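The values are calculated or read from the model by the stated rules, or taken from the named source; none is laboratory data. All figures in this text were calculated on a predicted structure; none of them were measured in a lab. Every residue, glycine as well, gets a Cβ built from its backbone with ideal geometry; the counts of neighbours run over all protein chains shown. Just the protein is used for accessible areas: all its heavy atoms, side chains included, with ligands, DNA and RNA removed. Shrake-Rupley method; radii C 1.70, N 1.55, O 1.52, S 1.80 Å.
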Amino acid sequence: MQASVSYLTLGVADVARAQRFYHEVLGWPSKGLVGVGSDYGEVAFFKLENGMTLALWQHDSLAKFTGVALAPAATPSLMLSHNVPSAADVDALYQALPTSAQVRAPRTLPWGGYGAVFQDPDGHLWELVHNPAA
């Protein structure tokens, strides 16, 4: 199998709310909700610049589709990162987020980068990061 990921699907409590966050707050293009009224519920898709697609799908629908029972909520075990060209970009993007999404303010990181952490309405963690070595 080739080492690649084409789609990243995040389970969410409310697809419409999550879609609004990614579309209106982060500014990612979306055609809205797809599959409304289907057996597996609606999904929101976001085409990412690197050819990957982010999908937002309701927890129960994801469980029904996969046949895997929902696990109880746990502490975060996954963080997605968005790399930017400069530390100033980290600061600007973080400050543009609603305070309810801000988790950890921008700071110099132990390995020499600069970053901040925010979360979407379902608690999925995102890192805004500048890696001067990249």
With every protein chain in place, region 1-118: carbon and sulfur % of accessible area (1.4 Å): 57
For region 1-112, what's the relative contact order in percent, using C-alpha pairs closer than 8 Å and at least 6 residues apart? 22
Out of residues 5 or more away from His82 or on other chains, whose amide H comes under 5 Å of its own, with H placed 1.01 Å from N in the peptide plane? Glu127, Leu128, Val129
Per the helix-only model, the chain has a calculated mean residue ellipticity at 222 nm (DSSP H runs of ≥4, -39500 (n - 2.57) each, divided over all residues, rounded to the nearest 500) of -5000 deg cm²/dmol
Springs between alpha-carbon pairs under 10 angstrom, Gaussian network model over the chain: which of Val15, Val43, Val103 fluctuates most? Val103
Can you give the FRET efficiency to the nearest 0.05 for Ala74 and Met1, using r as the Cβ-Cβ distance and R₀ = 22 Å? 0.20
Give the ranking of His130, His82 by solvent-accessible surface, highest area first, calculated with a 1.4 Å probe. His82, His130
With R₀ set to 25 angstrom, the calculated FRET efficiency between the beta-carbons of Ser38 and Leu125, to the nearest 0.05, is 0.30
To the nearest 10 Å², what's Arg17's accessible area with a 1.4 Å probe? 80
For region 48-134, what does the relative contact order come out to in percent, with C-alpha contacts under 8 Å and a separation of six or more? 28
Just the number please: accessible area per residue for region 48-122, 1.4 Å probe, all protein chains included, in Å². 63
